[in-house]
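Structure first, commentary second.
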Amino acid sequence: MNGTATAYQQDYFQRVRRRTLPIQGMAPLALLVAAWVDAGLTGTPVLSGVRALALPIGIAVLVVLMAVQSRADTIHAHGWWTIALLCSAELALAFIVTPDPDTLYWILPVLMVVPVAAAPFWVWPSRAIVSSLLCYACALTALLRAGPDARSLWVFAGYAALFSCTSLAIFRSIDRLRRSAYEFQVNLDHEAKHDALTGLLSRRRFLQLGEAAHREATGSDAPFSLCFMDLDHFKIINDVHGHAAGDRALSRTAALMLARRPPDALVARMGGEEFVMLLPRADASAAARFADGLREALAQTEMGGFTVSMSAGIAEHLPGEALGETLHRADTALLEAKQRGRNRVEVAPG
């Protein structure tokens with residue numbers, strides 16, 4: 001149940017750890033409020049009896065636990081420190097109040113609702129169950145200090161079981177909603193960054209990542225080249241074989257590009273039958289060899305009753321040149337390849 005955290009759980013953990021800090025910071029304040037309320041109800045000084053030790057010790061322990069918990073960088077560690085924090089707060093509350101049956105009417109509901117309130121913030125269901133059981137064991141201390149009879153203990157056990165089940169039910173309901181929202185966001189993000197038909201990068205995402213690669217290459221003086229590609233006579237394919245066949249040709253071309261690209265290359269569909277590839281650490285001659293090999297492999301790829309050819313333009317990035325300028329030179333080289341008969345690779349002059 002508590003194996004390796006999924007991407008969803010890691011994402012939720014990173015967000016929830018920041019949002020719960022203000023809530024957890026109220027725990028020492030809750031001890032002060034409880035001491036003040038109990039002192040007012042019983043007519044005793046705030047720092048008297050057991051409360052004189054329980055209040056300062058409880059606040060000190062909570063502050064230390066919050067400091068340790070805020071530095072926990074794994075889901076497992078953060079979860080266990082959170083449980084320790086909740087149990088310490090409950091135990092301190094149990095000793096702060098006066099052990100009197102009348103006091104139990106207001107403190108027990110407070111102690112028993114804490115695990116329910118914490119249920120939405122857990123990552124794993126086991127944490128919700130364990131925290132509930134341990135918190136109710138701490139709450140039982142307040143009941144035992146008041147000298148309960150058997151009937152009171154059975155009532156407490158019944159309510160503890162009911163609230164534990166409620167905590168788990170709340171956790172599962174909210175967890176399903178969180179998971180669905182996360183998956184929706186991931187899918188939406190993927191659709192925004194990738195072409196729906198081919199799975200390649202979208203034009204916008206390619207330009208974003210390309211700018212990052214451009215900055216990295218500029219900083220290290222490493223070469224990189226852009227390869228602008230276009231399927232030859234694609235309109236004829238659509239007219240003769242139908243648009244479904246055209247989509248199939250685009251998908252298989254994209255799959256071939258992904259299979260043959262270098263591991264760190266960026267591949268995108270720029271629109272229609274146009275593709276672009278950024279080849280890091282490749283000069284113009286290396287990029288031209290790669291594009292020519294891709295062109296030959298594509299010509300031998302069966303598209304379902306027909307084959308396609310490809311024209312490509314290569315441009316090596318020049319010092320001080322913007323990414324858009326390099327892309328424009330690659331596009332110009334592609335136009336030259338088409339004008340010279342298509343099914344060929346042309347290199348832009350450096």
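Here are a few things to note about the model shown:
- Among the residues making up the range 171-203, those that are out of contact with any Phe, Trp or Tyr (no Cβ under 8 Å at 6 or more places or on another chain), over 30 Å from S285 (Cβ atoms) and basic (K, R) are R172, R176, K193.
Condition check ((1) over 43 Å from the mean Cα position of the chain (by Cα); (2) surrounded by 20 or more Cβ atoms within 10 Å (Cβ to Cβ); (3) modelled with pLDDT of 85 or more; (4) at negative phi) across all residues:
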position: L133; (1), (2), (3), (4): no, no, yes, yes
position: A137; (1), (2), (3), (4): no, no, yes, yes
position: T141; (1), (2), (3), (4): no, no, yes, yes
position: L144; (1), (2), (3), (4): yes, no, yes, yes
position: G147; (1), (2), (3), (4): yes, no, no, no
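- Hits in the range 196-238 - residues which are farther than 16 Å from A265 by Cα and among the acidic types (D, E): D221, D230, D232
- Selection count where residues are acidic (D, E) and in contact with a helix residue (DSSP H, G or I) (Cβ under 7 Å, 6 or more places away or on another chain), scope the range 199-225: 1
- Selection within the range 291-319 - hydrophobic (A, V, I, L, M, F, W, C), open to solvent by less than 40 Å² (accessible area, probe 1.4 Å) and out of contact with any His (no Cβ under 7 Å at 6 or more places or on another chain): A291, L294, A297, L298, M303, V308, M310, A312, I314, A315
- For the range 86-117, filtered to residues that are surrounded by fewer than 21 Cβ atoms within 10 Å (Cβ to Cβ) and among the acidic types (D, E), the residue that is modelled with the highest pLDDT is D100.
- Qualifying residue in the range 185-197 (condition: assigned to a helix (DSSP H, G or I), basic (K, R) and open to solvent by 70 Å² or more (accessible area, probe 1.4 Å)): no
Let's see how each residue does on (1) aromatic (F, W, Y); (2) more than 29 Å from P45 (Cα to Cα); (3) open to solvent by 40 Å² or more (accessible area, probe 1.4 Å); (4) in contact with a Cys (Cβ under 6 Å, 6 or more places away or on another chain):
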residue: Q69; (1), (2), (3), (4): no, yes, no, no
residue: A119; (1), (2), (3), (4): no, yes, no, no
residue: A128; (1), (2), (3), (4): no, yes, no, no
residue: Y159; (1), (2), (3), (4): yes, yes, yes, no
residue: T166; (1), (2), (3), (4): no, yes, yes, no
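- Those residues of the range 320-349 which are part of a loop (DSSP other than H, G, I, E, B) and either surrounded by 15 or more Cβ atoms within 10 Å (Cβ to Cβ) or over 42 Å from the mean Cα position of the chain (by Cα) (or both), in sequence order: E321, R340, G341, R342, N343, R344, A348, P349
- Any hit, the range 218-237, residues being assigned to a helix (DSSP H, G or I), within 25 Å of the chain's Cα centre (by Cα) and surrounded by 16 or more Cβ atoms within 10 Å (Cβ to Cβ): no
For every residue, the table says whether it meets (1) open to solvent by less than 60 Å² (accessible area, probe 1.4 Å); (2) at pLDDT 80 or above; (3) closer than 17 Å to T98 by Cβ; (4) not small (G, A, S).
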| site | (1), (2), (3), (4) |
| --- | --- |
| A5 | yes, no, no, no |
| R15 | no, no, no, yes |
| V33 | no, yes, yes, yes |
| A39 | yes, yes, yes, no |
| A84 | yes, yes, no, no |
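- Verdict on A315 being assigned to a strand (DSSP E or B), small (G, A, S), in contact with a Ser or Thr (Cβ under 7 Å, 6 or more places away or on another chain) and within 17 Å of L209 (Cα to Cα): no
The values are calculated or read from the model by the stated rules, or taken from the named source; none is laboratory data. Please read all numbers here as calculations on a predicted model, not as lab measurements. Glycine also receives a Cβ, built like all others from the backbone with ideal geometry; neighbour counts cover every protein chain displayed. What goes into the accessible areas is simple: the full protein's heavy atoms, side chains included, and nothing from ligands, DNA or RNA. Shrake-Rupley method; radii C 1.70, N 1.55, O 1.52, S 1.80 Å.
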